[in-house]
1. Would you be able to tell me the number of residues in region 86-119 that are open to solvent by 20 Å² or more (accessible area, probe 1.4 Å) and of a type in the set (A, V, I, L, M)?
2. So which residues in region 242-269 are under 20 Å from R322 (Cβ atoms) and modelled with pLDDT of 90 or more, if there are any at all?
3. Just one of Q295, Q232 is within 30 Å of S363 (Cα to Cα) and not assigned by the TED database to the domain that holds D122; which is it?
4. On the given criteria, is E238 in a helix (DSSP H, G or I), open to solvent by 20 Å² or more (accessible area, probe 1.4 Å), at pLDDT 90 or above and outside the structural domain of I20 (by the TED database)?
5. For region 272-296, which residues satisfy the criterion of being touching a Ser or Thr at 6+ places or on another chain (Cβ under 8 Å), without any contact (Cβ under 8 Å) to a residue 40 or more places away in the chain and open to solvent by 60 Å² or more (accessible area, probe 1.4 Å)?
6. May I ask you to list the residues in region 499-520 that are within 14 Å of F567 (Cβ to Cβ) and either part of a strand (DSSP E or B) or open to solvent by 10 Å² or more (accessible area, probe 1.4 Å) (or both)?
Amino acid sequence: QTRSLLGVFEEDAAAISNYINQLFQAMHRIYDAQNELSAATHLTSKLLKEYEKQRFPLGGDDEVMTSTLQQFAKVIDELSSCHAVLSTQLADAMMFPITQFKERDLKEILTLKEVFQIASNDHDAAITRYSRLSKKKENEKIKAEVTEDVYTSRKKQHQTMMHYFCALNTLQYKKKISLLEPLLGYMQAQISFFKMGSENLTEQLEEFLTNIGTSVQNVRREMDCEVENMQQTIEDLEVASDPLYLPDPDPTKFPAHRNLTRKAGYLNARNKTGLVSSSWERQFYFTQGGNLMSQARGDVAGGLVMDIDNCSVMAVDCEDRRYCFQITSFDGKKSSILQAESKKDYEEWICTINNISKQIYLSENPEEIAARVNQSALEAVTPSPSFQQRHESMRPAVQSRPPAARTSSTGSLGSDSTALSALSLDSLVAPDTPIQFDIISPVSEDLPGQAKSSGQSGRRTNPFGESGGSKPETEDSILHQLFIVRFLGSMEVKSDESPDVVYETMRQILAARAIHNVFRMTESHLLVTCDCLKLIDPQTQVTRLRFPLPSVVLYATHQENKRLFGFVLRTSGGRVESRQTSICYIFESNNEGEKICDSVGLAKQIAFHAELDRKASEKQKEIDRVKEKQQKELNKQKQIEKDLEEQSRLIAASSRSNQSSTEGQFVVLSSSQSEDSDLGEDGKKKRESE
């Protein structure tokens with residue numbers, strides 16, 4: 001608006017300059033040539049008569065000025081035959097004022113216009129350099145220099161702008177003076193020269209000229225008073241605006257307003273120029289209802305950037321620039337990355353877009369409702385005495401929601417408690433429980449109950465199950481579904497038997513984010529399989545977290561905001577060793593919370609039936625092993641009996657052969673004894689030695 005109004009003033013100044021140049025040329029002809037004096041006077045009279053036909057943007061319908069110039073035109077027509085002796089008086093009384101206005105005042109306007117343009121360009125260049133500042137600490141010296149450059153250029157632009165505007169306002173008074181004062185001097189010169197021709201100058205004309213002189217003096221005094229007031233205003237504005245020259249003011253002195261439902265200001269927009277290259281363009285952005293609009297310099301009106309009803313906004317890191325945030329549309333098909341100039345603007349833009357996305361602007365008192373919502377978020381971290389009262393005010397009753405199998409039968413190992421109204425807050429979430437807002441990988445380092453598989457950390461995962469260099473651990477899984485999610489936070493809970501645990505965790509995490517100004521969310525791909533849930537980095541395809549499906553005992557989506565969902569993971573280990581703990585993880589999706597819960601329920605059903613099939617197969621294998629063992633025992637028994645029979649036969653045969661050999665030995669012994677008795681003593685010794 002200011003630049004548009006400035007354009008009107010500049011157009012008026014150009015029209016005044018054009019008209020004054022013509023009037024100056026006409027009066028200069030009076031001064032230059034005595035012979036052409038009559039014609040020049042006639043031309044002057046003609047131009048004065050055409051004043052009412054001029055279309056000055058700021059002139060309006062000045063009937064007094066028009067009638068006055070018409071009266072002058074008539075008198076100048078009567079004095080068209082001037083003499084050359086008037087040249088000296090005309091040079092002092094007529095040419096000097098209009099020459100001063102043309103050479104000094106109009107040129108001053110042009111000079112100030114050029115200085116203002118230079119200051120504006122310097123300010124734009126300083127803002128561009130400031131926007132490219134890095135967040136690294138080693139650039140503090142460069143940051144100080146660039147900040148000082150922004151301060152100096154902004155102050156210079158503001159001061160130049162105020163002096164330029166003051167000169168444009170003063171030009172309206174000087175225009176009248178430059179028109180009336182030369183004419184008055186001209187007429188006075190004519191009167192003083194033509195004393196003898198006073199019969200043509202009646203008393204009525206002298207009275208008219210006197211009144212015009214008085215009017216000129218009044219206009220001059222009014223101009224001086226106005227100039228003095230504008231100078232005082234300039235000084236006051238310079239003192240009051242000094243802190244505003246800093247691009248990033250102190251947030252303690254200028255706190256951010258979080259209850260806004262309308263916001264306007266300059267932002268840097270990121271535009272992709274190639275696969276990996278991008279450019280930043282500074283434009284004026286403003287909100288209009290539920291739309292985000294932008295307007296480039298020189299455009300007549302703004303254009304639609306994005307519909308921000310039910311959108312999502314989060315802080316992002318982009319090309320080492322500060323104060324960047326990303327807006328994603330409701331359907332997730334369109335997103336825009338913008339950069340604010342200061343931390344105050346950065347927080348106000350995020351809060352304003354969050355308020356608009358909740359459609360608060362449609363109410364009668366949007367700022368009051370936004371303040372109430374933010375106050376509720378501040379009070380959300382203080383535990384209320386009754387769980388029932390808190391949920392009656394924040395969401396519909398549990399009995400009013402339709403029954404969902406995923407939160408009762410498949411979503412939890414146990415059934416929903418019928419005495420939910422009797423539960424207290426401490427029975428769901430442990431008091432003073434820390435909240436984790438970022439992902440810590442790998443999960444096995446923080447959750448001792450989860451076994452860390454070999455090669456799990458740092459290994460790339462193909463979410464589509466395609467075989468690569470190594471066989472993925474979920475390659476044989478029947479179910480593979482991928483969702484885009486953003487991690488909001490996680491905290492330990494004391495119960496995992498009711499979906500209200502998830503609702504309460506959502507409330508506390510969102511309230512804590514609002515209180516601590518945590519806008520950053522980590523975007524990941526959630527892969528649902530029959531074995532586990534995986535959080536995968538969308539760029540590197542590295543598994544950030546892995547949740548075994550049997551440990552996911554409860555999952556639910558928010559009843560009002562379908563983009564929010566969470567699940568409870570039961571692990572062995574926690575603050576106290578050798579006991580099971582439950583941790584609730586909360587995520588935001590692109591309006592796919594119910595789909596994700598359905599997918600998890602389907603995965604658990606498939607895993608349940610697979611487990612039943614596995615147990616039946618193991619039981620059958622056990623039966624087969626028992627039968628095989630019994631058959632082996634039977635075969636072994638038969639072999640033993642067979643061996644015993646064989647051994648009995650061998651023993652019988654052996655006994656018969658032993659009996660035969662005994663009888664033979666007895667006969668030989670008897671014969672040898674008879675021989676020994678026949679040999680005598682010497683023969684016995686010889687036989688014994690043999």
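1. Residues that pass the stated criteria total 6.
2. K263, G265, Y266, L267, N268, A269
3. The conditions single out Q295.
4. no
5. Within region 272-296, K272, T273, F284 qualify.
6. Y503, the sole residue that qualifies.
Per-residue answers, yes or no, for (1) in a strand (DSSP E or B); (2) open to solvent by less than 60 Å² (accessible area, probe 1.4 Å):
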residue: H257; (1), (2): no, no
residue: L260; (1), (2): no, yes
residue: F325; (1), (2): yes, yes
residue: D331; (1), (2): no, no
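Yes or no, residue by residue, for (1) at pLDDT 85 or above; (2) touching a helix residue (DSSP H, G or I) at 6+ places or on another chain (Cβ under 9 Å); (3) among the polar types (S, T, N, Q); (4) open to solvent by 30 Å² or more (accessible area, probe 1.4 Å):
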position: V485; (1), (2), (3), (4): yes, yes, no, no
position: T522; (1), (2), (3), (4): no, no, yes, yes
position: L527; (1), (2), (3), (4): yes, no, no, no
position: D531; (1), (2), (3), (4): yes, yes, no, yes
position: L535; (1), (2), (3), (4): yes, yes, no, no
position: Q541; (1), (2), (3), (4): no, no, yes, yes
position: R570; (1), (2), (3), (4): yes, yes, no, yes
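The values are calculated or read from the model by the stated rules, or taken from the named source; none is laboratory data. None of these values were measured; they are calculated from a predicted model. For neighbour counting, all protein chains shown are included, and Cβ atoms are generated from backbone atoms with ideal geometry for every residue, glycine included. Just the protein is used for accessible areas: all its heavy atoms, side chains included, with ligands, DNA and RNA removed. Shrake-Rupley method; radii C 1.70, N 1.55, O 1.52, S 1.80 Å.
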